[in-house]
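Read the figures in this text as sums done on the coordinates, not as results from a lab. This is a predicted model, so every value here is computed, not measured. Positions of Cβ are generated from backbone atoms using ideal geometry, with glycine treated the same way; all protein chains shown enter the neighbour counts.
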Amino acid sequence: MARVFSGIQPTGEVHLGNYLGAIVNWVRDLDVDDSTFCVVDLHAITIPQDPGILRSKSRNLTALLIACGIDPERCTLFVQSHVPEHAQLAWIMQSVVSYGELGRMTQFKDKSDQHDFVSAGLFTYPALQAADILLYDTEKVPVGADQKQHIELCRDAAERFNRRFAADDDPVFVVPVHSTPAAGARVMDLQNPTKKMSKSLDSPQGTVLVLDEPKAVEKKFKRAVTDSEAVVRYAPDDPDKAGVTNLLSILSAVTGADPDSLAGKYEQYGPLKADCAAAVIEHVVPIQQRYAELVDDPAELDRLIAAGAAKAHAKAAEVLARAERAIGLGAH
Ligand code: TYM
């Protein structure tokens, strides 16, 4: 049983990239691993947010994760700001990672280009992410490919902290590894298949949402950009085949079949697109039904959210105290 931790931001809408790159893999291993999942609202405020919308998005995302199968009875599911140890350990981790390391993060470069106001929090974001992971003695972090660099930084920070503040045979932090799925680690935008599917709103037709109506899912796949060669081929290294390769990857992630053998089943793009849409719809419709039930019962949702925070806090407090003792902080 591995200790697992992962997180998702309550910004934008949950899309097929989040679902196939992360959430389905979290659900799959719920009974195998000791898992903790977090709605990372502290990360969300690194870019401007409306307070009321942020609060409701954090609740709704928690409900959606439960609807996707993140059963709070079989794991710990909570909202980051409800567990203060995240912000506390983040400050310590900001003193362990370097300015140079943070400046090399490609997500910071991308996001800071998109905003006029670049907060200091956007820059130190990976230190908070490292704190999230380290607070639960995490061994494995299931994420999409875009998070690899942040997990590498977390590993480096944990190793550096242990070297500086702990005996070799009694480390303070567990050094985690990331895990990405064989299919679905990088779901691309259906309209612009050389760009990853993302929560930013600039490509609504290229972004399939978990809460999209079946008709919208069908339409988005039908209009997915492919190429003029009209040959169904899985070619991850060929930018000309990016659209078809993305469709085959999505179908592979949803059905579990190998993308090369899936390619052999199709002679035209139309049926491939239709099958992608059908497979995705089959997954999302039951999620949408459960989600509607959950948001319809706010008292029960509040109870689950509070119970998740209490469970997370118990573990996080223990690890924060260990880190503070090692570094000479706190009244321990
Ligand atoms: P976020 O909210 O951007 O994304 C949540 C998860 O979805 C994955 N993902 C994708 N996977 C495949 N294809 C895509 N197009 C795609 N887009 C997103 C992400 O890789 C991620 O696994 N910084 C993190 C949240 C976080 C976190 C953590 C993750 C905060 N603390 C600790 C792991 C551990 C983020 O912004 O994810």
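Odds and ends about this structure:
- Pairwise label distance in nanometres, Asp227 with Asp258, each label 7 Å out on the Cα-Cβ vector: 2.2
- About the Cα centre, charge dipole magnitude for the chain (Lys/Arg +1, Asp/Glu -1 at Cβ), debye: 380
- Simple rule: put +1 on each Lys or Arg Cβ and -1 on each Asp or Glu Cβ in the range 71-222, find the dipole, and look at Trp91, Leu102, Ala131; the Cα lying farthest toward the positive end is Leu102.
- Around the amide H of Met188, modelled in the peptide plane, lie the amide H atoms of Met197, all under 5 Å away and 5 or more residues distant in sequence or on another chain.
- Student exercise, the range 171-236 dipole from Lys, Arg, Asp, Glu Cβ charges, in Debye to nearest 20: 20
- Comparing Cα centroids, the range 49-96 and the range 287-331 end up 7 angstrom apart.
- Note on the chain: Rg/Rh from C-alpha atoms, Kirkwood Rh, equals 0.98.
- Net charge of the neighbourhood of Ser56, taken over other residues with C-beta under 15 Å away and scored Lys/Arg +1, Asp/Glu -1, is -2.
- The relative contact order of the chain, computed from alpha carbon pairs under 8 Å that lie at least 6 residues apart in sequence, is 22 percent.
- Within the chain, helices built from complete DSSP H runs that reach 27 Å or longer along their own axis (Cα positions) and carry a mean Kyte-Doolittle hydropathy of -0.5 or higher are 269-295, 298-327.
- For the chain, built as a Gaussian network whose Cα springs stay under 10 Å, the top-fluctuating residue of Gln88, Gln205, Gln114: Gln114
- Beta bridge orientation in the chain: antiparallel %, DSSP, nearest 5: 20
- Size of charge dipole - the range 159-202 - debye, nearest 20, with Cβ of Lys, Arg +1 and Asp, Glu -1, no other charges: 280
- Lys/Arg +1, Asp/Glu -1 at C-beta; the chain dipole; positive extreme among Val141, Leu122, Ala158: Leu122
- Across the range 174-300, C-alpha contacts under 8 Å between residues 6 or more apart give a mean separation that, scaled by the residue count, equals a relative contact order of 24 percent.
- Alpha-carbon centroid distance for the pair the range 103-117 / the range 216-285, whole angstrom: 31
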